[in-house]
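**Q** Have a look at the structure that comes next, please.
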Amino acid sequence: MRFNTLLPLPALGLGLMLASATALAGPTDYRCPAPHTLRAAFTPRDAIVTFDGQNYTLRRVRDSREARFTNGKQGVSLALSGSNATWQRKGEDDLVCRKVVASLEPEALAGQRPAPTTPAR
């Protein structure tokens, strides 16, 4: 049996476009010690981080224990382990932040406000 079927050009173009698109997950908010804020969105290769209002793009690096992202030029890195995110900036103490799960926030559990939802993409 021979399968020699060609895809129509529009279908082939759409397939190539979808294959080259990068999946972006997020954004995820993390609760840090005051007054710091941390929000991150992830692709398989990068983390796009907003820390205290400043944006960083970090590249994923190999680590057997945790997901680790770094930007050597800016001297920053982010390590994810469970629901913790450790933000490291050269010359400063490490900052451990905890992932925020909106549906488990006290206000949402008490029924004071609906938990925010993110529409599916």
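The values are calculated or read from the model by the stated rules, or taken from the named source; none is laboratory data. Computed from a predicted model, the values in this text were never measured in an experiment. Virtual Cβ from ideal backbone geometry, glycine too; neighbours counted across all protein chains shown.
**Q** Quick one: would you say Asp29 is among the acidic types (Asp, Glu), part of a loop (DSSP other than H, G, I, E, B) and either under 23 Å from Val101 (Cβ atoms) or modelled with pLDDT under 90 (or both)?
**A** Working: among the acidic types (Asp, Glu): yes; part of a loop (DSSP other than H, G, I, E, B): no; either under 23 Å from Val101 (Cβ atoms) or modelled with pLDDT under 90 (or both): yes.
So Asp29 does not fit the description; no.
**Q** For segment 79-99, what are the residues that are closer than 16 Å to Asp63 by Cβ and either modelled with pLDDT under 95 or surrounded by 12 or more Cβ atoms within 10 Å (Cβ to Cβ) (or both)? Quick ask: steps written out before the conclusion?
**A** In the first step, residues of segment 79-99 are kept if they are closer than 16 Å to Asp63 by Cβ; the result is 79-82, 84-88, 94.
Within segment 79-99, Ala79, Leu80, Ser81, Gly82, Asn84, Ala85, Thr86, Trp87, Gln88 qualify.
**Q** Next question. Can you name every residue in segment 56-67 that is within 18 Å of Val96 (Cα to Cα) and modelled with pLDDT of 95 or more?
**A** Across segment 56-67, the qualifying residues are Tyr56, Leu58.
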